[in-house]
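To start, the structure itself, in structure tokens.
Bear in mind that the values in this text are calculations on the coordinates, not laboratory data. Model, not experiment: these values are computed from the prediction. For neighbour counting, all protein chains shown are included, and Cβ atoms are generated from backbone atoms with ideal geometry for every residue, glycine included.
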Amino acid sequence: MVKELHHILRDRQTLTILLMMPLVQVILFGYALRSDVRDIRLAVITPAPDAATQELTSRFIGANRFEIVATATSPAAIEPLFRQDKADVALVFDSDFGSHLNGSEPATLLIAIDASDPNTGTTYMNYMRAVIAGYQQELNAANHSVQIVTQTRMRFNPTLESVNLFVPGLIALVLVLVSALMTAISLSREKERGTMEVLLVSPLRPQQIIVGKVLPYLALGFANVLTALLAAWAVFHIPFRGSVVLLLLEAILYTIVSLALGVLIAARTSSQRAAMLGAMLVTMLPSTLLSGMIFPIASMPGWLQPVTNIVPATWFIIIARGIMLKGVGLTILWRESLILVAMAVVLLAAAMRSFKPRLA
Amino acid sequence: MTPPVAIDARDLTRRFGSFVAVDHITFDVRAGEVFGFLGANGAGKTTAIKMLVGLLAPTEGQAHVAGFDIRTQRDEIKRNIGYMSQRFSLYADLTVRENFRLYGGIYGLAAKRIAERTNMFLETLGLVPNADDLVGKLPLGWKQKLAFCVALLHEPRIVFLDEPTGGVDPITRRQFWELIYRAAQNGTTVFVTTHYMDEAEYCDRISIMVDGKIAALGTPAELKQQFGVETVDECFVRLARGAQKGEAA
């Protein structure tokens, strides 16, 4: 036991990781793990604006959970807003909402919700219904018998399959974990065994060494992508509404980012064990908890939200959900794709610089 | 065209923070000689060799390897030298032939040439039946001899051997040195570091490093005469008595 204690205390790097990481993560994720939502982006569609529609709309503003991002007069405006991820929910008034309300006929409303994330979808729906019910109660209390009939439409995920929520995120998680681990292990093993030294003395440039080591794993990563997507389609029946080719290309891009991450980790650690540990910690928890895979980014505290932008999985999940569930293409997803490209370039450059021969 | 001086170093120095690992060493290695770079563990030998092969930049001083400057012409140096590291060069999960093919390819040799040289080496070592064995399965002595041949595969002008005979029995060590002689006879300069002082007797000239400096330089005979002793080992012990860092071999 004493010997084990010595091993633990003297392995500085692993010790730091084992002590600091849990602490950091408990604090970080304690903030991230919220399933309540705020700042729901609301689009209000009013074909015939009048006092009644104004009233109800102001109730939504007053509820402090909603943020009005668009107003329009036709329901046709909703679809593009959802596809471009500019709104989360829409409130559609019937053109005779106001007159029906005053004339004691049932007044109809439509709530449309972007349900590609079915958990938040249901929550949004409940909040909206709560506001509407509150308004209805208010009117009834003032001796005004009123009935508001609400229809709900869950866009992109009518049956609220939670699997549609999880699987793109799972694919992102598995890809980053396996890829980063593969390269981290391979390169640190080379370093540990001493064969890296010989490669560095040879005429090979560090760029050639890294590319030579990463490419076969890219092929493996691609195989992983194919099987994962196949499983998603065949076993879980996840919709594939967009271009499969685009999805594959984006997945390869994401795999390159993950492989580069693994190389960087290997370059910065001094043992294979530390490399493996580092790869797992840096990929697993942020990708699960900070990427919007399970817990919505919108409900994380303000200071944490920019942090989620560093996690590659965050961007890939937006892309994957966009392509698979909403069927959107590059015209909408170009920003996210460009971000992944930038991440790949930065990580690869950093990795190559770390491998410049200054071994001792 | 081989310059008569294969390696020359002038005031070569390397610091790590305030610690001076290599302290203004100056020496020459002549083409075709077997030069022994001796010293205790921690005397600075590995650091010096790393600077000469281009793995580490010097803090001060300069050196030329095969006529090329170690600060500015590292790529040319790499193409013209062979290197056998302290901790191994061959991949255990590749076969003997695959290892040769890998390094041959890295140094830009044509496939036919690689095959020719591989067969030549295997015959010399008597390891032809083991050509397709995984290197990991071979005994240590064979691995080391093979690693040496791989370092010579591209016919470099100079070959650097960093403690090549560690952990191996005396008979195998002897055989290894025979390989070194053969290479030197063919005109290859051999720069070998070791902390086995008896191996020093096999070299044409040796230098002994103590605390980062070169404390002695010359043929084994010259050194023994200089210190009035029978073996190089004794020379070393005399020098090491004044040393502040490292342990006696």
> Out of B:ILE171, B:ILE180, B:ILE214, any idea which swings most in a Gaussian network model of chain B, alpha carbons joined below 10 Å?
Replying inline: B:ILE171
> To the nearest 10 degrees, how steeply does helix A:12-32 sit against the main Cα axis of chain A, on a 0 to 90 scale?
Replying inline: 0
> Along the charge dipole of the protein assembly as shown, which of A:PHE93, A:PHE166, A:ALA184 sits closest to the positive end, that is, farthest toward it, with unit charges on the beta carbon of Lys, Arg, Asp and Glu (+1, +1, -1, -1)?
Replying inline: A:ALA184
>> Along the Cα→Cβ direction, 7 angstrom out, place labels at A:ALA350 and A:LEU304. What is the inter-label distance in nm?
In response: 2.2
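Using Cα-Cα distances under 8 Å and only pairs 6 or more residues apart, what relative contact order does chain B have, in percent?
Value for chain B: 27 percent.
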> Can you count the Lys pairs in chain B whose Cα atoms are under 28 Å apart, with each pair 8 or more apart or on different chains?
Replying inline: 22
> Given R₀ = 22 Å, FRET efficiency for A:THR122-A:PHE240 by Cβ-Cβ distance, to 0.05?
Replying inline: 0.40
> So which aspartates and glutamates pass the test for A:LYS86, namely a Cα distance under 16 Å, with those fewer than 8 places away in the same chain ruled out?
Replying inline: A:ASP39, A:GLU67, A:ASP114, A:ASP117, A:GLU336
> Can you list the HN-Hα couplings for the range A:234-245, worked out from phi with the Karplus curve (6.51, -1.76, 1.60; θ = phi - 60°), rounded to whole Hz and with x for Gly and Pro?
Replying inline: 6, 8, 9, 6, 5, x, 10, 7, x, 7, 5, 4
>> Between the range B:138-165 and the range A:255-321, what is the separation of their alpha carbon centroids in Å?
In response: 43
> Under a straight-distance cross-link criterion of Cα-Cα below 19 Å, which aspartates and glutamates are reachable from A:LYS3, leaving out those fewer than 8 residues away in the same chain?
Replying inline: A:ASP11
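Just need the relative contact order of chain A here, percent rounded to a whole number, with Cα pairs under 8 Å and 6+ apart.
So the answer I get is 19 percent.
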>> Given a Förster distance of 22 Å, report the FRET efficiency between B:ALA115 and A:ARG189 from their Cβ-Cβ distance, rounded to the nearest 0.05.
In response: 0.15
>> Binning at 10 angstrom from zero up to the longest distance, how are the C-alpha pair distances of chain B distributed in percent?
In response: 7, 31, 36, 20, 6, 0
> Thinking of chain A as a set of Cα atoms, what percent of all their pairs are more than 34 Å apart?
Replying inline: 40
> So how much slack lies between A:ASN140 and A:LEU226, counting 0.36 nm per residue of separation and subtracting their Cα-Cα distance, in nm?
Replying inline: 25.2 nm
>> Could you list A:THR288, A:THR183 so that the one with the fewest beta carbons within 10 Å of its beta carbon is first and the one with the most is last?
In response: A:THR288, A:THR183
> In whole Hz, what ³J(HN,Hα) sequence does the range B:203-216 give by Karplus (6.51, -1.76, 1.60; θ = phi - 60°), x for Gly and Pro?
Replying inline: 8, 6, 9, 9, 10, 10, 9, 9, 6, x, 10, 8, 8, 8
> Computed on alpha carbon atoms, what radius of gyration and Dmax characterise the range A:39-140, expressed in Å?
Replying inline: 13.1, 39
> Given a cut-off of under 8 Å on Cα pairs at least six residues apart, what relative contact order in percent is computed for the range A:69-159?
Replying inline: 31
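Where Rh is the Kirkwood radius over the Cα pairs of the range B:114-249, the temperature 20 °C and the viscosity 1.002 mPa s, what D in µm²/s does Stokes-Einstein return?
The diffusion coefficient I find is 129 µm²/s.
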>> From zero outward in steps of 20 Å, how is the percent of C-alpha pairs of the protein assembly as shown spread across the bins?
In response: 16, 35, 24, 15, 8, 1, 0
> How far is it, in nm, from the label point at A:ILE252 to the one at A:VAL211 when both lie 7 Å from their Cα along the line to the Cβ?
Replying inline: 1.6
> Which percent, to the nearest 5, of DSSP beta bridges fully inside the protein assembly as shown are antiparallel?
Replying inline: 40
> Exposure proxy check: A:HIS237, A:HIS100 ranked by fewest other beta carbons within 10 Å?
Replying inline: A:HIS237, A:HIS100
> Cα axis of helix A:51-62 to longest principal axis of chain A: angle in degrees, 0 to 90, nearest 10?
Replying inline: 30
